[in-house]
Amino acid sequence: MDQKTITIFAGKGGVGKTTCAAATALQYARNGKRTLVISTDPTPSLADIFETTGSGKATPVTDNLLMHELGLPEVKLMWETRFGREVFEVFSSFVAIEYPDFVDFMTSILPGLGDEFMLDYIRQLSQKDETDVIIWDTAPLGQTLALLETPTLLRQHLKMAPRIYSKLKVGKQSRQPVIEILKQWEALSAANIEFLRSQVKFCTVTIAEALAVNQLKGVFAEMNKYDLKREKIIVNNLVPVDGSTFLTNRAAQQKRYLKQIREVTDGLPVIEVPLFPGEIKSLEMLDRFAVYLV
Ligand SMILES: Nc1ncnc2c1ncn2[C@@H]1O[C@H](COP(=O)(O)OP(=O)(O)OP(=O)(O)O)[C@@H](O)[C@H]1O
Ligand SMILES: [Mg+2]
């Protein structure tokens, strides 16, 4: 069996991640690949771009293409199903808290917990034979980096934890020692980060502006630290030179930042996408957008 294509679209807010993810997914589908485009954005816009309605489930868009928008409730549920009860047992051994409050607390206190469980979900999907390509449209930069940090934080936490938790009683429901429950969670984190390293490619979307270029350096340093695979960088919204002073000045400035982007990307392919006259919506517009992405 061919190795699956799993690509994450990452970048700061509003640069065009969802548009690039949607256009890329559509092209894979057009080429006969069974494709799933999945979004964990708290304010999802995939349905809007595809001009369809999201239902919280995987929804068909066109031949070979499914889209799935997962909000916080779905991610919470995943976490609950997998570890919620067990970790609650650990927690409730020393704090009096009701289960629903505990779930709210955990999902809000641990940055990237949702992302970690999303990653786990995508890893499980990748092991099934239902799709050839998975495109993951992530939330803006901050949360994407949290995704990379969570397993490490968890590991550091767990290194300290045994001394405390081994003294705690056995979980009431599972009858498992607390330390075993935590070990399982650590194993899950390790498997997920390994999956991220070995099977997922990152596509960074950016724009040619000072702030974006500065952030890019940090993003790449972070990716190198985690030894992640970088596929390409897309520089979106490049203005055309049409003779007007306004646009010509803007284009000249973007050109300078584009040069800086090339300098920090270590030879990675840099894809240039022009600013379109209007929003990118509908399959037809996405096809036109995708011409620039290959
Ligand atoms: N090259 C382009 N030309 C014109 N409009 C564009 C272009 N790329 C994206 N857009 C428009 O810009 C807006 C933001 O794009 P998009 O939603 O893809 O960004 P995003 O990075 O996913 O944002 P968020 O961080 O909020 O999720 C959308 O209205 C989209 O249609
Ligand atoms: Mg988006």
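So here's what we get for this one:
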read-out: Spin-label proximity, E51 to region 250-286 - amide N less than 13 Å from point 7 Å beyond Cα toward beta carbon; value: 279-286
read-out: Per-pair calculated FRET efficiency, R0 = 35 Å: K183 and D63 via Cβ, rounded to 0.05; value: 0.20
read-out: Convex hull of region 198-294 built on C-alpha atoms - directionally averaged projected area, nm²; value: 7.3 nm²
read-out: Cβ-based exposure ranking for I233, I271, in which fewest neighbours within 10 Å come first; value: I271, I233
read-out: Cα centroid of region 262-287 to Cα centroid of region 1-78, whole Å; value: 17 Å
read-out: Approximate spin-label separation T43-L211, in nm, with each point projected 7 Å along Cα-to-Cβ; value: 1.4 nm
read-out: Fewest-first ranking of D132, D266, D137, D48, using other Cβ atoms within 10 Å as the exposure measure; value: D266, D48, D132, D137
read-out: Ranked list, fewest to most other Cβ atoms within 10 Å of each Cβ, for S55, S45; value: S55, S45
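Bear in mind that the values in this text are calculations on the coordinates, not laboratory data. Model, not experiment: these values are computed from the prediction. All Cβ positions, glycine included, derive from the backbone under ideal geometry; neighbour counts span all protein chains shown.
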